[in-house]
Amino acid sequence: MNANDTILVYFSATNRTKNVANIIAQKLGVKSVSLEPKEPYTAADLDYNNPKARVYVELQTRPNVALKNAVLSDWQSYKNVIIGYPIWWYDYAWAMNEFLTSNDFTGKNIAVFATSASSGLGASAENLAKKAKGAKLIAKKGFEMINEKQIYTWLDSVKE
Ligand SMILES: Cc1cc2nc3c(=O)[nH]c(=O)nc-3n(C[C@H](O)[C@H](O)[C@H](O)COP(=O)(O)O)c2cc1C
(Lines give C-alpha, C1' and ligand atoms only; values in the text may rest on other atoms or scores of the structure.)
Protein backbone atom coordinates (compact mmCIF):
# COMPACT_ATOMS: atom_id res chain seq x y z
CA MET A 1 0.00 0.00 0.00
CA ASN A 2 1.35 3.42 -0.78
CA ALA A 3 0.01 6.89 -0.17
CA ASN A 4 -1.06 7.50 -3.77
CA ASP A 5 -3.32 4.54 -4.27
CA THR A 6 -4.68 4.10 -0.75
CA ILE A 7 -7.53 5.86 1.00
CA LEU A 8 -8.79 5.44 4.55
CA VAL A 9 -12.54 5.61 5.16
CA TYR A 10 -14.06 5.27 8.61
CA PHE A 11 -17.09 5.88 10.75
CA SER A 12 -16.74 6.78 14.39
CA ALA A 13 -19.51 7.70 16.81
CA THR A 14 -17.44 8.44 19.91
CA ASN A 15 -14.00 9.11 18.41
CA ARG A 16 -12.24 5.85 19.33
CA THR A 17 -12.16 4.62 15.72
CA LYS A 18 -11.28 8.16 14.68
CA ASN A 19 -8.24 8.09 16.95
CA VAL A 20 -6.97 4.92 15.30
CA ALA A 21 -7.78 6.31 11.85
CA ASN A 22 -5.79 9.46 12.55
CA ILE A 23 -2.76 7.45 13.67
CA ILE A 24 -2.92 5.31 10.52
CA ALA A 25 -3.47 8.25 8.18
CA GLN A 26 -0.55 10.10 9.67
CA LYS A 27 1.76 7.10 9.56
CA LEU A 28 0.95 6.21 5.93
CA GLY A 29 0.36 9.73 4.68
CA VAL A 30 -2.99 8.72 3.18
CA LYS A 31 -6.16 10.71 2.68
CA SER A 32 -8.73 9.99 5.36
CA VAL A 33 -12.49 10.40 5.09
CA SER A 34 -14.91 10.34 8.01
CA LEU A 35 -18.36 9.06 7.04
CA GLU A 36 -20.97 11.44 8.41
CA PRO A 37 -24.57 10.33 9.01
CA LYS A 38 -27.09 12.93 7.89
CA GLU A 39 -28.56 12.52 11.34
CA PRO A 40 -25.56 12.29 13.69
CA TYR A 41 -25.68 9.85 16.61
CA THR A 42 -26.13 11.62 19.94
CA ALA A 43 -25.10 10.12 23.26
CA ALA A 44 -28.76 9.26 23.89
CA ASP A 45 -28.97 7.57 20.47
CA LEU A 46 -26.01 5.36 21.41
CA ASP A 47 -27.37 4.18 24.76
CA TYR A 48 -27.55 0.48 24.00
CA ASN A 49 -28.98 -0.33 27.40
CA ASN A 50 -32.13 1.58 26.57
CA PRO A 51 -34.55 -0.38 24.37
CA LYS A 52 -35.96 2.92 23.11
CA ALA A 53 -32.62 4.33 22.01
CA ARG A 54 -31.95 4.79 18.29
CA VAL A 55 -29.26 2.10 18.09
CA TYR A 56 -31.45 -0.39 19.88
CA VAL A 57 -34.33 0.24 17.49
CA GLU A 58 -32.02 0.19 14.45
CA LEU A 59 -30.44 -3.08 15.61
CA GLN A 60 -33.65 -4.84 14.56
CA THR A 61 -32.91 -4.15 10.88
CA ARG A 62 -29.29 -2.83 10.74
CA PRO A 63 -30.48 -0.28 8.16
CA ASN A 64 -28.66 1.75 5.53
CA VAL A 65 -28.32 4.94 7.53
CA ALA A 66 -28.23 7.95 5.19
CA LEU A 67 -24.79 9.55 4.97
CA LYS A 68 -23.79 13.04 3.89
CA ASN A 69 -20.79 11.66 2.01
CA ALA A 70 -21.42 8.05 0.99
CA VAL A 71 -20.03 8.51 -2.53
CA LEU A 72 -16.39 9.50 -2.81
CA SER A 73 -15.47 11.62 -5.81
CA ASP A 74 -11.95 10.35 -6.49
CA TRP A 75 -12.84 6.71 -5.84
CA GLN A 76 -11.40 5.33 -9.10
CA SER A 77 -7.89 6.47 -8.21
CA TYR A 78 -7.60 4.11 -5.23
CA LYS A 79 -6.57 0.49 -5.38
CA ASN A 80 -6.53 -0.04 -1.61
CA VAL A 81 -9.17 1.05 0.88
CA ILE A 82 -8.52 0.92 4.60
CA ILE A 83 -11.86 0.79 6.37
CA GLY A 84 -12.43 1.50 10.06
CA TYR A 85 -15.58 1.05 12.13
CA PRO A 86 -16.79 0.45 15.68
CA ILE A 87 -18.25 -2.93 16.65
CA TRP A 88 -21.96 -2.63 17.30
CA TRP A 89 -23.45 -5.78 18.76
CA TYR A 90 -20.66 -8.08 17.64
CA ASP A 91 -20.69 -6.83 14.04
CA TYR A 92 -19.64 -3.78 12.03
CA ALA A 93 -21.61 -0.60 12.73
CA TRP A 94 -24.38 -0.42 10.15
CA ALA A 95 -23.64 3.27 9.65
CA MET A 96 -21.07 1.83 7.19
CA ASN A 97 -23.75 0.26 4.97
CA GLU A 98 -24.49 3.13 2.63
CA PHE A 99 -20.80 3.67 1.88
CA LEU A 100 -20.33 -0.06 1.20
CA THR A 101 -23.26 -0.27 -1.21
CA SER A 102 -22.78 3.09 -2.95
CA ASN A 103 -19.24 2.53 -4.25
CA ASP A 104 -17.92 -0.07 -6.67
CA PHE A 105 -15.33 -2.23 -4.91
CA THR A 106 -14.49 -4.33 -7.96
CA GLY A 107 -10.73 -4.85 -8.04
CA LYS A 108 -10.14 -3.05 -4.75
CA ASN A 109 -8.23 -4.45 -1.80
CA ILE A 110 -9.71 -3.72 1.58
CA ALA A 111 -7.86 -3.78 4.90
CA VAL A 112 -10.29 -3.35 7.75
CA PHE A 113 -9.94 -2.46 11.38
CA ALA A 114 -12.46 -2.11 14.17
CA THR A 115 -12.49 -0.75 17.67
CA SER A 116 -14.55 -2.42 20.35
CA ALA A 117 -14.83 -2.44 24.12
CA SER A 118 -13.96 -6.09 24.56
CA SER A 119 -15.54 -8.46 22.08
CA GLY A 120 -13.10 -8.09 19.17
CA LEU A 121 -13.74 -8.38 15.44
CA GLY A 122 -15.97 -11.43 15.42
CA ALA A 123 -17.14 -12.07 11.86
CA SER A 124 -17.46 -8.34 11.17
CA ALA A 125 -14.61 -8.13 8.64
CA GLU A 126 -16.01 -10.94 6.50
CA ASN A 127 -19.55 -9.60 6.81
CA LEU A 128 -18.40 -6.15 5.77
CA ALA A 129 -16.42 -7.55 2.85
CA LYS A 130 -19.54 -9.34 1.60
CA LYS A 131 -21.41 -6.05 1.55
CA ALA A 132 -18.54 -4.36 -0.40
CA LYS A 133 -19.19 -6.31 -3.60
CA GLY A 134 -16.03 -7.18 -5.52
CA ALA A 135 -13.64 -6.27 -2.71
CA LYS A 136 -10.75 -8.51 -1.73
CA LEU A 137 -10.24 -8.62 2.04
CA ILE A 138 -6.46 -8.54 2.51
CA ALA A 139 -6.15 -7.77 6.23
CA LYS A 140 -8.22 -7.31 9.36
CA LYS A 141 -7.53 -6.20 12.90
CA GLY A 142 -9.51 -5.41 16.03
CA PHE A 143 -8.34 -2.88 18.60
CA GLU A 144 -9.62 -2.76 22.14
CA MET A 145 -6.88 -0.72 23.69
CA ILE A 146 -5.57 1.92 21.32
CA ASN A 147 -1.83 2.18 21.17
CA GLU A 148 0.40 3.33 18.37
CA LYS A 149 2.84 0.46 18.54
CA GLN A 150 0.11 -2.11 18.04
CA ILE A 151 -1.29 -0.12 15.13
CA TYR A 152 2.12 0.19 13.46
CA THR A 153 2.75 -3.53 13.90
CA TRP A 154 -0.51 -4.28 12.11
CA LEU A 155 0.28 -1.84 9.28
CA ASP A 156 3.69 -3.47 8.77
CA SER A 157 1.99 -6.82 8.35
CA VAL A 158 -0.39 -5.60 5.64
CA LYS A 159 1.16 -6.60 2.36
CA GLU A 160 -0.23 -6.14 -1.13
C1 LIG B 1 -24.63 0.39 19.78
C2 LIG B 1 -23.34 -0.10 20.32
C3 LIG B 1 -23.08 -1.45 20.38
C4 LIG B 1 -21.85 -1.92 20.86
N5 LIG B 1 -21.60 -3.26 20.84
C6 LIG B 1 -20.39 -3.72 21.26
C7 LIG B 1 -20.08 -5.11 21.21
O8 LIG B 1 -20.87 -5.94 20.77
N9 LIG B 1 -18.84 -5.51 21.66
C10 LIG B 1 -17.91 -4.61 22.14
O11 LIG B 1 -16.84 -5.04 22.54
N12 LIG B 1 -18.18 -3.28 22.17
C13 LIG B 1 -19.38 -2.82 21.74
N14 LIG B 1 -19.64 -1.47 21.77
C15 LIG B 1 -18.56 -0.54 22.16
C16 LIG B 1 -17.88 0.06 20.93
O17 LIG B 1 -17.55 -0.95 19.98
C18 LIG B 1 -16.58 0.78 21.28
O19 LIG B 1 -16.82 1.72 22.29
C20 LIG B 1 -15.97 1.43 20.07
O21 LIG B 1 -14.59 1.61 20.27
C22 LIG B 1 -16.62 2.77 19.74
O23 LIG B 1 -15.98 3.33 18.61
P24 LIG B 1 -16.24 4.84 18.17
O25 LIG B 1 -15.82 5.71 19.31
O26 LIG B 1 -15.37 5.02 16.98
O27 LIG B 1 -17.69 4.98 17.85
C28 LIG B 1 -20.87 -0.99 21.31
C29 LIG B 1 -21.14 0.38 21.28
C30 LIG B 1 -22.36 0.83 20.79
C31 LIG B 1 -22.65 2.30 20.74
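The values are calculated or read from the model by the stated rules, or taken from the named source; none is laboratory data. If you're wondering where the values come from, they're calculated on a predicted model, not measured in any experiment. Ideal geometry is used to build each Cβ from the backbone, glycine not excepted, and the neighbour counts take in all protein chains shown. With ligands, DNA and RNA removed, areas are computed over all heavy atoms of the protein, side chains included. Shrake-Rupley method; radii C 1.70, N 1.55, O 1.52, S 1.80 Å.
At 7 Å along the Cα-to-beta-carbon direction for both residue 19 and residue 145, put a label point, then send me their distance in nm to one decimal.
With each label point 7 Å from Cα toward Cβ, the separation is 1.2 nm.
Points 7 angstrom from Cα along the Cβ direction at residue 123 and residue 101: gap in nanometres?
Once both label points are built, they end up 1.9 nm from each other.
Treating the Cα atoms of the chain as identical point scatterers in vacuum, please give the log10 of the normalised Debye intensity I(q)/I(0) at q = 0.13 Å⁻¹, two decimals.
-0.56
Accessible area per residue for the chain in Å², computed with a 1.4 Å probe and the full protein assembly in place, what is it?
Dividing the accessible area of the chain by its residue count gives 50 Å².
Along the charge dipole of the chain, pointing to its positive end and built from +1/-1 on Cβ of Lys, Arg, Asp and Glu, which listed residue (21, 110, 56) has its Cα farthest out?
The listed residue farthest towards the positive side: 110.
Pick out which of 142, 84, 122 has the largest mean-square fluctuation in a Gaussian network model of the chain, springs linking Cα atoms closer than 10 Å.
122
With springs only between Cα atoms under 10 Å apart, run a GNM on the chain and tell me which of 27, 108, 18 wobbles the most.
Fluctuation is largest for 27.
In the structure shown, do any of 38/131; 18/159; 27/149; 18/79; 108/131 have a Cα-Cα gap over 19 Å, and if so which?
Over 19 Å apart, Cα to Cα: 38/131; 18/159; 18/79.
Suppose every Lys and Arg Cβ carries +1 and every Asp and Glu Cβ carries -1, with no other charges. What dipole size does the chain come out with about its Cα centre, to the nearest 20 debye?
200
Going by Cα centres, the range 36-79 and the range 91-113 are how many Å apart?
Measuring centre to centre over Cα atoms gives 13 Å.
What figure in square angstrom, to the nearest 10, would you give for the accessible area of residue 62 with a 1.4 Å probe?
The accessible area of residue 62 comes to roughly 70 Å².
Nearest 5 percent is fine: what portion of the DSSP beta bridges confined to the chain is antiparallel?
10
Show that you can apply the helix-only estimate: for the chain, add -39,500 (n - 2.57) for every DSSP H stretch of four or more residues, divide by all residues, and state [θ] at 222 nm to the nearest 500. Mind showing how you got there, number by number?
Values: 5 runs with 43 residues, N = 160.
Counting only the DSSP helices, I get -7500 deg cm²/dmol.
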